[in-house]
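Novice: Just dropping this structure here.
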Amino acid sequence: MCSGRVDLEFVLRAFSNGMDGVFIGGCRLNECNYITHGNYHALNMVLLCRKIMEHIGLNPERLRIEFMSSAEGILFAEVMSEFGNKVNKLGPLGKAEGIDQNELKSKLAEITKLVPYIKLVKKEKLASRLENPEEHNKLFTKDEVDRLFSEVISYYIDPEKCQACMTCAKRCPVEAIVGGKNLIHVIDQEKCIKCGTCFEVCPPKFRAVTEIAGAPVPPPIPEEKRTIVRKSKEK
Ligand code: SF4
Ligand code: SF4
């Protein structure tokens, strides 16, 4: 219904499924029927995605967004023909850029996994409303996107500090925290979408969750060592 509903993940999925080009059509800017102005969100997502494509070596011209009304059939036909020709000229995704297909698949999968994190870290810019087209290309820079991926934040529960209060496990939106009563909690890094909720909700008196930027996360504590023996029970 709305171009604002086109998530970054949808675009990455299309490329992962081998599409050579992705076109997003939205209503004219400033003519949105809703206060949300979703077409600006779509525009910002495309501007970010194009920089991400550059980051992984893909030609950003494979992704295009245009705004037009449903009465502009001729314009739509012209834009689609032009885009279709452009994509044909660019050739098959990845091959034309000299990227190995398996490498491309794994890069796209890695970035797709980070989509919730990317949206969280860039939420202010993604919600901005750029009235001046000259500002479009400046919204996200190549350096900024390179940094985004080199400094990805991971979350880690310090086994020395965790008191098994279970707050983080209850609040994790993707059930990525393994734990239980009197068990030191552990984050399953494969499932974690890096939303930061566990970091925010771990009680200040424990401060067991730490942020690790751009570095490997320590291995999880072995299962047999996760039981917390409370002092009162030791006596
Ligand atoms: S960062 Fe978010 S997804 Fe990851 S473990 Fe913490 S609450 Fe769960
Ligand atoms: S909220 Fe903190 S103390 Fe409580 S289980 Fe999670 S990491 Fe451990």
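Novice: Would you be able to tell me the number of residues in segment 120-159 that are at pLDDT below 90 and in contact with a His (Cβ under 7 Å, 6 or more places away or on another chain)?
Specialist: Looking only at that region, the number is 1.
Novice: Moving on to the next point. Which number in (1) within 30 Å of ARG64 (Cα to Cα); (2) away from ligand 1 (no atom under 15 Å from the Cβ) marks the one condition that VAL121 misses?
Specialist: Here VAL121 meets the rest and fails (2).
Novice: For segment 95-111, how many residues are modelled with pLDDT of 95 or more and touching an Asp or Glu at 6+ places or on another chain (Cβ under 9 Å)?
Specialist: 1
Novice: Being over 20 Å from the mean Cα position of the chain (by Cα) and within 21 Å of LEU120 (Cβ to Cβ) narrows it down to one residue among VAL174, VAL209, VAL217; which is it?
Specialist: Exactly one of VAL174, VAL209, VAL217 is over 20 Å from the mean Cα position of the chain (by Cα) and within 21 Å of LEU120 (Cβ to Cβ), namely VAL209.
Novice: State yes or no: is GLU82 modelled with pLDDT of 95 or more, surrounded by 11 or more Cβ atoms within 10 Å (Cβ to Cβ), under 30 Å from GLY214 (Cα atoms) and among the charged types (D, E, K, R)? Break it down into steps so the answer makes sense when it comes.
Specialist: Numbers: modelled with pLDDT of 95 or more: yes; surrounded by 11 or more Cβ atoms within 10 Å (Cβ to Cβ): yes; under 30 Å from GLY214 (Cα atoms): no; among the charged types (D, E, K, R): yes.
Against the criterion (modelled with pLDDT of 95 or more, surrounded by 11 or more Cβ atoms within 10 Å (Cβ to Cβ), under 30 Å from GLY214 (Cα atoms) and among the charged types (D, E, K, R)), GLU82 does not qualify.
Novice: Right, here's the next one. Taking into account only those residues within segment 193-206 that are among the hydrophobic types (A, V, I, L, M, F, W, C) and at pLDDT 95 or above, which is farthest from the chain's Cα centre (by Cα)? Before the answer, list the steps.
Specialist: Let us first name the residues in segment 193-206 that are among the hydrophobic types (A, V, I, L, M, F, W, C), namely 193, 195, 198-199, 201-202, 206.
In the following step, the residues that additionally are at pLDDT 95 or above were identified as 198-199, 201-202, 206.
Working: CYS198: 18, PHE199: 19, VAL201: 22, CYS202: 24, PHE206: 29 Å.
Among those that are among the hydrophobic types (A, V, I, L, M, F, W, C) and at pLDDT 95 or above, it is PHE206.
Novice: Within segment 206-221, which residues are open to solvent by 60 Å² or more (accessible area, probe 1.4 Å) and more than 10 Å from ligand 2 (Cβ to nearest atom)?
Specialist: Filtering segment 206-221 down to residues open to solvent by 60 Å² or more (accessible area, probe 1.4 Å) leaves 207, 211, 213, 216, 219-220.
Answer for segment 206-221, where residues must be open to solvent by 60 Å² or more (accessible area, probe 1.4 Å) and more than 10 Å from ligand 2 (Cβ to nearest atom): GLU211, ALA213, PRO216, PRO219, PRO220.
Novice: Now for a separate question. Would you mind finding the one in LEU90, LEU47, LEU8 that is under 27 Å from ASP143 (Cα atoms), open to solvent by less than 80 Å² (accessible area, probe 1.4 Å) and more than 25 Å from the chain's Cα centre (by Cα)?
Specialist: LEU90
Novice: Right, here's the next one. Which count do you get for residues in segment 150-205 that are open to solvent by 80 Å² or more (accessible area, probe 1.4 Å), assigned to a helix (DSSP H, G or I) and within 8 Å of ligand 1 (Cβ to nearest atom)?
Specialist: Summing the residues that are open to solvent by 80 Å² or more (accessible area, probe 1.4 Å), assigned to a helix (DSSP H, G or I) and within 8 Å of ligand 1 (Cβ to nearest atom) in segment 150-205 gives 2.
Novice: Restricting the search to segment 108-120, which residues are more than 16 Å from HIS41 (Cβ to Cβ) and assigned to a helix (DSSP H, G or I)? Before the answer, list the steps.
Specialist: We begin by selecting, within segment 108-120, every residue more than 16 Å from HIS41 (Cβ to Cβ); these are 108-114, 117.
Matches in segment 108-120: LEU108, ALA109, GLU110, ILE111, THR112, LYS113, TYR117.
The values are calculated or read from the model by the stated rules, or taken from the named source; none is laboratory data. Quick caveat: nothing in here was measured; it's all calculated off a predicted structure. Counting neighbours? That spans all protein chains shown, and the Cβs are built from the backbone with ideal geometry, glycine included. Heavy atoms of the whole protein, side chains included, go into the accessibility calculation; ligands, DNA and RNA do not. Shrake-Rupley method; radii C 1.70, N 1.55, O 1.52, S 1.80 Å.
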